[in-house]
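Step one of this worksheet: look at the structure below.
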Amino acid sequence: MAAASSQALPQTPDDFSKYLPLYKAILAANWEEAQIFFNQDPAAIQSPLDNTLKTALHVGAKAGNASFMEKLVALLLEDEELGPRDASRHTPLHIAARHGNIEVADILVRRNSNLLYLHNNNGLFPIHFAAMNNRKSKEVFLYFLGVTRDDEYGQPNPYAGPTGVSLLVELIANKFYDLALQLVIRYPDLGRQKTLVADISALEVIVVSDCYIINKHSLNFWQSFIYYCVSKAESITSTPIFHLITSLLQWLVGKSIVNKMVLHHQEVKLLKCLCDQLKTLNDTQVISLTEQALFDATSLDIWQVILNIAEAYPMSVYFKNSKVQNILHIAVENRSENVFNLVCGTNVLRNILLISSDINGNSVLHLAGKLAPPHKLNLVSGAALQMQLELQWFKEVKKITPSNYLLYQNKDDKTASMVFTEEHKELKEAGEKWMKDTATSCTIAAALIVTVVFAAAITVPGGNSGENGLPIFSNHNAFTIFAISNAASFFTSATSLLVFLSILTPCYAEEDFLYAIPTD
């Protein structure tokens, strides 16, 4: 690695100005201009072209022109270094993998397969960069998976230990769930370890990387039908048939929703596989791998993660975080409705978790009295509707709370009701103002409509007959339709006026937000 050691210290920026024409020629894949430069300065092929120490091979690997790269590699002698390192110790193969240039990568690998086993400053091999390639292409990773061996004599194993876990984590983070499942099945130990630098497990990454797990109960009829079709297609082992079914569904209902369903099923398979591997570990190992994932899943309301972890390790439902909060505490505090329903569906578990308090002496009902996180409040618009939602949540938690805990005080000597009142003071005031302003505006509009409709009712079109006093057009169908429509308008507008006036009259206690505005 003599060539690499000669690049240890970067040159000053002025030293690289002479290489600017070469840099541009490589990016433009202009071999004629590049060859002229190499003929004048043969050392330029391995010299750093910028202050990050990237060479012509690095720039060519990024540009991705296979024909140009073939000619560039051919200029090197057999004993010359094909793996120059930049300032971060990236080889050209790292760069080709990152940018998804498979043809360029193949040229480099055919010339020197040892490049597959050289890592950068962070211990990442080219296959790691293939997992997070800029093109989001599975084919790039599959190529590197096919050429990177785990038993190459005298070479490190990219699939072993924390390095392999980092590879699995990258696949999950980039939503290549099917490839991650293949990797876990091939190397089961990867699901039982954590990365070395970030100290994160595959389960934790599934939770925090914008996962695609779907709640089946929230799907409408057509979505449920698509879900069923995709689930059946996922069970088919024949890849062409699976692609045929998904392509047909994409044509029928749109690509976005079908892709989301497919990702969901792939992720569920991966989740179950990772959780099944927990059964072979001891308590300390399971806690290390699942504890943070469990708490994060509870906060984000991903109940499937909770269920799978609990099935593999039932004691996980009693884990407590640094605030001495169990999953029911966390679910209530973060308004995680699905996790809350999951816990409450098991009477024994619900009763055990309910009677626990956190480090500040807060019961589950105290945490229900706290203001919801902003992302949960913003699910509905308007302070009044947000206050109504908060009251509904508090009432639901209150229903399952034992009566002797309703007046239970925390370490600040406050009951749950006192916490709710204090936490929601500003929201209540904003809700009152919102309701009054909205009701006032609507009352004016309703009053105008009532006035116009009433005037239309007493002003008969065409006038009355001088003989009998009846409307002249009373025998016409159009007049009957007019009379009915006018009466309906008068009734509905008057009702609206009374409703809006009733909104203006309450004293706006907390309970009024439950009944003074619609619940749907």
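Each reported figure results from applying straightforward, stated rules to the coordinates on display, with no laboratory input. Because the structure is a prediction, the values reported are computed rather than measured. All Cβ positions, glycine included, derive from the backbone under ideal geometry; neighbour counts span all protein chains shown.
How much length is gained on full extension from VAL348 to LEU142, taking 0.36 nm per residue of separation minus their Cα-Cα distance?
Length difference between fully extended and current span is 69.4 nm.
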_What FRET efficiency comes out for ASP106 versus ASP15 if R0 is 35 angstrom and r is the Cβ-Cβ distance? Round to the nearest 0.05._
0.60
*More than 26 Å apart - percent of Cα-Cα pairs taken over segment 2-158*: 22
*Check: segment 124-198 dipole with +1 on Lys, Arg Cβ and -1 on Asp, Glu Cβ, in debye*: 280
_ASN122/ARG186 FRET efficiency (R0 25 Å; Cβ-Cβ; nearest 0.05)_ = 0.60
_HN-Hα J in Hz across segment 342-357 - Karplus 6.51, -1.76, 1.60, θ = phi - 60°, x for Gly and Pro_ = 5, 5, 5, x, 10, 4, 4, 5, 4, 5, 5, 6, 5, 7, 8, 10
*segment 10-138 - charge dipole about Cα centre, Lys and Arg +1 at Cβ, Asp and Glu -1, debye rounded to 20*: 680
*Measuring from label point to label point, each 7 Å out along Cα→Cβ, what is the LEU406 to LEU448 span in nm?*
4.8
*Cα gyration tensor shape of segment 76-211, rounded if a/c is under 1.5, else prolate or oblate by comparing a/b with b/c*: prolate
*Using the alpha carbon gyration tensor of segment 382-422, what are the three equivalent-ellipsoid semi-axes (square root of 5 times each eigenvalue), largest first, in whole Å?*
21, 14, 5
